Amino acid sequence: MIVDYKHELVGAFGDPIRENPTGIMQEAAFAAAGLQWRYELFEVTAAALPDAVKGVKALGLRGFNCTIPHKVAVIPLLDEVAPDAALIGAVNTVRRDGDRWIGENTDGKGFMRGLREVLDPKGARVVVLGAGGAARAITVELALAGASAITIVNRGSGRGQGLVDHLNAKVGAQAGFFPWLATVAVGADVDILVNATSIALYPDVDAMPDILLDGARSDLLVCDVIPNPPVTPLIRAAQARGMRTITGLPMLVYQGAIGFEMWTGVTAPVDAMKQALEVAFGV
Ligand code: NDP
């Protein structure tokens, strides 16, 4: 059994599918792989997290996901944290290896698996919009993969500069910060643009990041982390210019596929997972 610690009640605000895409995807994967496993959601308060992890250990579960607010607080409760998850400073997936509990972060890895289907980021010059958890996971993995320059564009300078300092000091990146105070023009020296903000996440589906693509290269690769709905105004604007795009769906599918493989040791049925999400999101 896999456990997903949810702080919020799933479906409490109406549509349970929109609140629980990971559960739908993992249950579809277990069925497609012929595994008699279940993925259950549990609401766990911050105060109860240590007891909940003790319970997971006592029951001998195979692993679990954790969502906000547990991604950082879970770290001291584990036996080990994978090097990239330690650099990201957050754990979204925990797996059991014998009697050891190991923290992983599959968000950045999931993004990278989708990215590598289109290009190798080694040597790429990347602009990332946002400096939150998703941006942190993605930029750590991009830096580890050898991206030659990473520019963080963020409204809040504390978070933006903090991420840049971390990437340069701890991950060996060539990163810089650009404060997002007005429209940001994407230049011809950019290979990959990533929206890692929550702009255009359901229900705010018409929102567009305040950027200008006029000066960008026609072969710019535009990536969005928003999985729901996957075709955002940014993705549409890039496609209208003939640019290559990656929506938030591959990241979501692959972060789940990587977790599935960590837990089960079985190659993830990616097509079944993708199809389950597309049905859930109605795309
Ligand atoms: P955080 O709350 O940690 O960070 C949000 C970021 O978005 C901050 O940098 C914030 O800027 C910026 N932001 C929010 N609204 C605006 C706005 N109107 N204009 C400019 N910047 C804005 O969130 P996460 O990083 O955890 O998640 C971000 C998104 O990534 C979410 O929508 C989530 O659904 C998605 N995601 C997708 C995954 C996938 O598998 N596809 C996996 C993980 C996340 P500031 O610091 O200035 O407030």
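Assorted remarks:
- Of all residues in region 75-133, those that are on the phi > 0 side of the Ramachandran plot and either of a type in the set (A, V, I, L, M) or within 15 Å of the chain's Cα centre (by Cα) (or both) total 2.
- Qualifying residue in region 106-113 (condition: open to solvent by 40 Å² or more (accessible area, probe 1.4 Å), within 16 Å of the ligand (Cβ to nearest atom) and within 20 Å of ALA257 (Cα to Cα)): yes
- When GLY176, GLY187, GLY172 are checked against the criterion of being more than 10 Å from the ligand (Cβ to nearest atom), open to solvent by less than 80 Å² (accessible area, probe 1.4 Å) and touching a Ser or Thr at 6+ places or on another chain (Cβ under 7 Å), a single residue qualifies: GLY176.
- Taking the criterion of being out of contact with any strand residue (DSSP E or B) (no Cβ under 7 Å at 6 or more places or on another chain), open to solvent by less than 60 Å² (accessible area, probe 1.4 Å) and either among the charged types (D, E, K, R) or modelled with pLDDT under 85 (or both), the only residue of region 18-50 that qualifies is PRO21.
- Within region 218-231, residues that are assigned by TED's automatic domain parsing to the domain that holds ASP206 and open to solvent by less than 10 Å² (accessible area, probe 1.4 Å) sit with their Cβ atoms under 6 Å from residues that are more than 15 Å from the ligand (Cβ to nearest atom) and part of a strand (DSSP E or B), at 6+ positions apart or across chains, in these pairs: LEU221/ILE192; LEU221/ARG244.
- Among the candidates ARG136, ARG125, the residue that is within 16 Å of the ligand (Cβ to nearest atom), open to solvent by 60 Å² or more (accessible area, probe 1.4 Å) and in the same structural domain as SER148 (by TED's automatic domain parsing) is uniquely ARG136.
- Meets criteria (acidic (Asp, Glu), open to solvent by 50 Å² or more (accessible area, probe 1.4 Å) and within 16 Å of the ligand (Cβ to nearest atom)) for GLU80: no
The values are calculated or read from the model by the stated rules, or taken from the named source; none is laboratory data. As the structure is a computational prediction, the values presented were derived from the model and not from experiment. Positions of Cβ are generated from backbone atoms using ideal geometry, with glycine treated the same way; all protein chains shown enter the neighbour counts. Areas reflect the complete protein model, heavy atoms only, side chains present, ligands, DNA and RNA absent. Shrake-Rupley method; radii C 1.70, N 1.55, O 1.52, S 1.80 Å.
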